[in-house]
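The values are calculated or read from the model by the stated rules, or taken from the named source; none is laboratory data. Model, not experiment: these values are computed from the prediction. Virtual Cβ from ideal backbone geometry, glycine too; neighbours counted across all protein chains shown.
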Amino acid sequence: MRRRFIKRINTIGVKVTMLYIVLAIVNISIFTILIFENQIDLIVDNTRLNAKELVSTIVSSLKKFSAEIGTSSIFRARSVKERIGEADSVIRPLVRDYLFFSESGKIMLLSYPGLDVPDSYVEDGLKAIANKDFSGRDFYLKIMEDTRELYFYLPLHEYQLGDTILFMRYHMKDIGERLSDLYTLITVIIIAISIFHALFAVILYRMIIRPIHILYQGSGEIAVGNFDVRVNIDHRDELGALGESFNIMAESVQEKIDTLEDQMKIVSDAKEKIEQMAITDDLTGLYNRRYLFEQLELEIERSLRYGSPLGFIMIDADHFKNINDTHGHSVGDIVLKEIAALIRENCREIDTAARYGGEEFAVIALSADTETTFVMAERIRKSVEAKPIRCDDCEINLTVSIGLISYRQDDLEKMAHPDDMVNAADRALYRAKQNGRNRTEIYSDDKPA
């Protein structure tokens, strides 16, 4: 559940980032479309307005021209062709591309030789006359979207020019230039908006996404057991408070873990101590009888597996009952401790020394043949004999009797139980007692060596 929560936090950060990118793109797109469409409409409308104002100026000039003709007998006497020539002088300063033609399609005057005349000029001219008669409009407008041109047709019969029709062509070349300026403006606006969104994205990352990611990493460290992790969120808001709470939680968990580890160490030490006490003799500090038999069974199995010899030594303090009867049991305990210490000093680290019971001790000699076991036993016997035991008011000279046995694999296969080996060493110890004590006997077919 905790891992799902951590993954969800990370997913939220990714979702916030993706959502902001989408919103930024939509924002830029909508803003660009609105500006573009609005400016396009404005450019086209302004162009049409300029063209219509130009035509209105021409119409006003023609009306003034017509009025002058009506008041002058000289102008009235002139022919239509001559009047068209006078009207040409009025229009030429205002329009570059134009022509005068009759309703029958006869071209009366071109603004310049080689003027490209539309194929439908006659038909459009008749439409202008019909438009004038029915709607009263002074001109007929035709928009050529493919060439970005405006065609104007003006009937001139009311301007003292007979059935003549004026065609004018207005080029919208400035639309392209204005569109180019519009594209530049839109590009600048898009760059500005993008920079704004980028700055806002950085702020969003620093204020929200980065703290969430830091919390995610910290949670991941704790999830794998690193309770020393701390997060640094330098915010004075909810995320900052969450970071502080995270650190407090981590410290609390760390303290509880440390306390738990201390308690576990105490329990482990107590368990180890109890286990040690369970296998140790309280008085001498050597292993006890139960542990001795457990180890002897294991070592017999190991010797059988690897074919190594195994020795076993039984040690008994001579005349120990007299010591207890003469000096008391407290002195007897001191004597047993001294014997145990001497046994431990003269054994190898790999050997197992134990108190068998009462004043009897035993040693498991690993990988020791008869000669090695005998040398070890003699070393123990001589060290006990050579060291008087001093008490408060007395000095006790002590000796020990020792019986031992050492078997190789063939012998161990016949005597595979620990009791058999203990009994064999005990028989050798009995012979040592019978033969005068303070000596070492080796078991061999129930006969002293």
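For the reader, a short list of remarks on this structure follows.
- Condition met for T284 (assigned to a helix (DSSP H, G or I) and polar (S, T, N, Q)): no
- Within the range 291-318, being closer than 17 Å to D426 by Cα and loosely packed, with under 13 Cβ neighbours inside 10 Å holds for no residue.
- Unmet criterion (only one of (1) surrounded by fewer than 18 Cβ atoms within 10 Å (Cβ to Cβ); (2) farther than 25 Å from P309 by Cα) for V384: (1)
- I405 being of a type in the set (A, V, I, L, M, F, W, C) and under 28 Å from A278 (Cα atoms): yes
- Residue match in the range 218-237 (condition: modelled with pLDDT of 85 or more and surrounded by fewer than 18 Cβ atoms within 10 Å (Cβ to Cβ)): no
- Close pairs from the range 322-333: first surrounded by fewer than 17 Cβ atoms within 10 Å (Cβ to Cβ), partner modelled with pLDDT of 90 or more and outside any helix (DSSP H, G or I), Cβ under 8 Å, at least 6 apart: D333/L283
- Subset tally (residues that are out of contact with any strand residue (DSSP E or B) (no Cβ under 9 Å at 6 or more places or on another chain) and outside any loop (DSSP other than H, G, I, E, B)) for the range 349-404: 6
- Screening A223 with (1) closer than 30 Å to A354 by Cα; (2) in contact (Cβ under 8 Å) with a residue 40 or more places away in the chain gives one miss only, at (1).
- Pairing each residue of the range 198-211 that is farther than 14 Å from N27 by Cβ with any residue that is at pLDDT 70 or above and surrounded by 15 or more Cβ atoms within 10 Å (Cβ to Cβ), provided the two are 6+ apart or on different chains, yields C-beta distances under 6 Å for P211/I233; P211/L239.
- Given (1) loosely packed, with under 13 Cβ neighbours inside 10 Å; (2) at pLDDT 75 or above, index of the condition S73 fails: (2)
- Residue in the range 339-357 that is over 13 Å from F312 (Cα atoms), touching a helix residue (DSSP H, G or I) at 6+ places or on another chain (Cβ under 9 Å) and β-branched (V, I, T) present: yes
- Taken over the range 95-144, the criterion of being under 19 Å from V55 (Cβ atoms) and either under 60 Å from the mean Cα position of the chain (by Cα) or of a type in the set (D, E) (or both) is satisfied by D97, D124, D133, D138.
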